[in-house]
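The values are calculated or read from the model by the stated rules, or taken from the named source; none is laboratory data. Computed from a predicted structure; not experimentally measured. Quick reminder, even Gly has a Cβ in these numbers, built from the backbone with ideal geometry, and neighbours come from all protein chains shown.
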Amino acid sequence: MAQTKLSPLQDKLLKILSRHLEEPLSYRELAREIDVVSTNTVSYHLRQLERLGHLKRDPADPRHYAVLGAPETGIARLNLYGLARCGPNGSLLDGTPVDRIAVSTRLIPFAAADAFLVKAKGDSMEPRVYDGDLVLAKRQSATESGDIAVCVNKGEALIKKIKKDSVGVILISLNPKYEPFFAARDDFRVEGVVKTIISRVLA
């Protein structure tokens, strides 16, 4: 019979992961916390927690993870937004989605509750993002230099690479024909960080 309940060790591991979301522990540290000798044991139980839908890890960096409040089902219906203008100090996500798209949760490297889609417009982010691409983003307001973010600047919804310096936030296009520019100090907000480009089938 397939495992459906967490073992005592898995339950303990999940609670430890929940306590260390901001500063994830290494496999060796996790092994000490759950009192096992081998890091292979940790790796096995982490895979089981993912399989059971209690944990979501970023394939590019397994130390980046989300502990899910309830096991996720196989399909999530995500809001799809267009890059429409917003009102003063408005949020792209406050508007009405243009569609709801069914996406396999296996394609979402974080909790599906934090995910949304944006339909890209224009060529400013080529060759990474093309006109009509569906961009999968994680809802968050904090970014680091180098992140590609969905943001609103002076009412304009954009997808841009973020660079931070001592003067302010610089918004950068990947297409070299567009010049970088500073984000507005009084009307700029990050809606989310781009994680995956899904497709342009619906362009």
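Observations, loosely collected:
- A single member of Ala157, Ala142, Ala149, Ala102 is of a type outside the set (Lys, Arg), surrounded by fewer than 15 Cβ atoms within 10 Å (Cβ to Cβ) and either assigned by TED's automatic domain parsing to the domain that holds Lys56 or outside any loop (DSSP other than H, G, I, E, B) (or both), and it is Ala102.
- Within region 164-191, residues that are in the same structural domain as Ser141 (by TED's automatic domain parsing) and hydroxyl-bearing (Ser, Thr, Tyr) sit with their Cβ atoms under 6 Å from residues that are at pLDDT below 95 and in a loop (DSSP other than H, G, I, E, B), at 6+ positions apart or across chains, in these pairs: Ser173/Ser124; Tyr178/Ser124.
- Residues of region 37-60 satisfying the condition of being outside any helix (DSSP H, G or I) and either of a type outside the set (A, V, I, L, M) or surrounded by fewer than 16 Cβ atoms within 10 Å (Cβ to Cβ) (or both): Val37, Ser38, Gly53, His54, Lys56, Arg57, Asp58, Pro59, Ala60
- Top-ranked residue in region 108-127 [being under 18 Å from the mean Cα position of the chain (by Cα) and surrounded by fewer than 18 Cβ atoms within 10 Å (Cβ to Cβ); ranked as nearest to Gly82 (Cα to Cα)]: Asp114
- Taking the criterion of being in a strand (DSSP E or B) and over 11 Å from Cys151 (Cβ atoms), the residues of region 178-193 that qualify are Phe181, Phe182.
- Against the conditions (1) surrounded by fewer than 18 Cβ atoms within 10 Å (Cβ to Cβ); (2) closer than 28 Å to His54 by Cβ; (3) at pLDDT below 85, Ser91 satisfies every one except (2).
- Leu174 assigned to a loop (DSSP other than H, G, I, E, B) and either closer than 24 Å to Glu50 by Cα or aliphatic (A, V, I, L, M) (or both): yes
- Residues located in region 173-203, provided they are closer than 15 Å to Ser124 by Cβ, surrounded by fewer than 19 Cβ atoms within 10 Å (Cβ to Cβ) and more than 15 Å from the chain's Cα centre (by Cα): Leu174, Asn175, Pro176, Lys177, Tyr178, Glu179, Pro180, Phe181
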